[in-house]
1. Suppose we take every Cα in the stretch 91-155 and form the convex hull; what volume per residue is that in Å³?
2. For the stretch 58-120, which chymotrypsin sites (Phe, Trp or Tyr not before Pro) pass both filters: DSSP loop (anything but H, G, I, E, B) and at most 10 other C-beta atoms within 10 Å?
3. Just how far, in whole angstrom, is the stretch 42-76 from the stretch 117-143 if you go by their alpha carbon centroids?
4. Hey, what's the per residue convex hull volume over the C-alpha atoms of the chain, in cubic angstrom?
5. Below 12 angstrom from the Cβ of Lys166, what's the summed charge of the other residues (Lys, Arg +1; Asp, Glu -1)?
6. State the percent of C-alpha pairs, over all pairs in the stretch 31-133, separated by a distance greater than 18 angstrom.
7. Rank the residues Thr73, Thr118, Thr51, Thr38 as a footprinting-exposure proxy: fewest other Cβ atoms within 10 Å of their Cβ go first.
8. Provide Leu155, Leu106, Leu72, Leu7 in ascending order of the number of other Cβ atoms located within 10 Å of each residue's Cβ, fewest first.
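FYI, it's all coordinate maths here, none of it is from the lab. Given the structure is predicted, the values throughout are model-derived calculations rather than measurements. Here the Cβ positions follow ideal geometry from the backbone for every residue, glycine too, while neighbour counts run over all protein chains shown.
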Amino acid sequence: MAIVRFLPAPEGEDLPWARSWNHGFQGPGGWYIENSLTTLGQKDPVSEYNTQLWNSGIEANKEIARKQKRRLTYVSNVYVLKDPSNPQNENQVRLYKYGKKIWDKLNDKMNPEFEDETPVNPFDLWEGANFKLKIRKIDGFSNYDKSEFASQSKLGDDEKCEAIWKQQYVLQDLVSEDKFKSYQEIEARFNTVIGSDSVFEESIDEEEETVQPTGDTSETMEYFKKLAEQ
């Protein structure tokens with residue numbers, strides 16, 4: 001268990017998170033662990049191939065596509081209030097990488113399902129809420145279902161809040177183009193992993209995949225909507 005406070009967007013940035021897609025799976029030629037170019041709104045050879053597999057209508061191909069599917073990852077600045085397992089992190093700003101489970105809890109806080117619940121911006125230093133990160137191991141996998149937000153609270157006085165805000169890491173650098181390999185490099189690695197000279201030699205009907213840039217996402221719009229209503 002740890003207690004953290006999600007922090008607002010760093011200076012000069014619009015969002016308090018960086019959002020990216022990646023692939024991680026094992027094939028005959030080893031592991032494939034790469035950032036997906038779809039993060040940048042570009043075509044990615046793995047996503048294109050998965051689309052072909054899925055559109056083939058063959059269940060075995062669909063199962064391969066499921067195993068090779070994209071994974072969504074977020075990174076935010078957090079202020080660590082309590083971390084018994086790593087006490088050196090306490091009272092420090094750290095980058096926290098998380099997936100859909102934690103994102104859903106953040107989104108539910110900003111956009112509650114029931115009318116008797118008050119929307120809260122969990123990234124706010126003054127009117128946000130501490131997050132109790134509770135991790136359990138279930139069937140060998142980390143489970144975050146018990147994680148929850150505490151009541152709304154101010155992180156500290158204005159001087160402390162400003163000092164914490166200035167300690168934040170730049171987020172958009174994490175998803176800048178230089179963090180991604182080229183299409184050709186990714187395709188070559190993917191071919192090696194799946195043991196093929198070309199992933200597009202398969203006799204599958206090809207359908208072009210449409211990708212959306214990171215800035216055009218529902219969670220981004222919801223976040224700005226929430227800020228506008230405050």
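1. On the way: hull volume 7.1 nm³, N = 65.
Looking at the stretch 91-155, the number lands at 109 Å³ per residue.
2. Details: sites: Tyr74, Tyr79, Tyr96, Tyr98, Trp103, Phe114; in loops: Phe114.
Here the sparse-neighbourhood loop sites are Phe114.
3. About 29 Å separates the Cα centre of the stretch 117-143 from the one of the stretch 42-76.
4. Values: hull volume 37.8 nm³, N = 230.
Enclosed volume per residue, from the Cα hull, is 164 Å³.
5. Working: positive: Lys160; negative: Glu11, Glu159, Glu162.
Net charge around Lys166: -2.
6. Values: 3424 of 5253 pairs.
So the portion of pairs separated by more than 18 Å is 65 percent.
7. On the way: Thr73 20, Thr118 8, Thr51 17, Thr38 23.
Final ranking by Cβ density, sparse to dense: Thr118, Thr51, Thr73, Thr38.
8. Details: Leu155 19, Leu106 23, Leu72 14, Leu7 26.
Starting with the residue having the fewest Cβ neighbours, the order is Leu72, Leu155, Leu106, Leu7.
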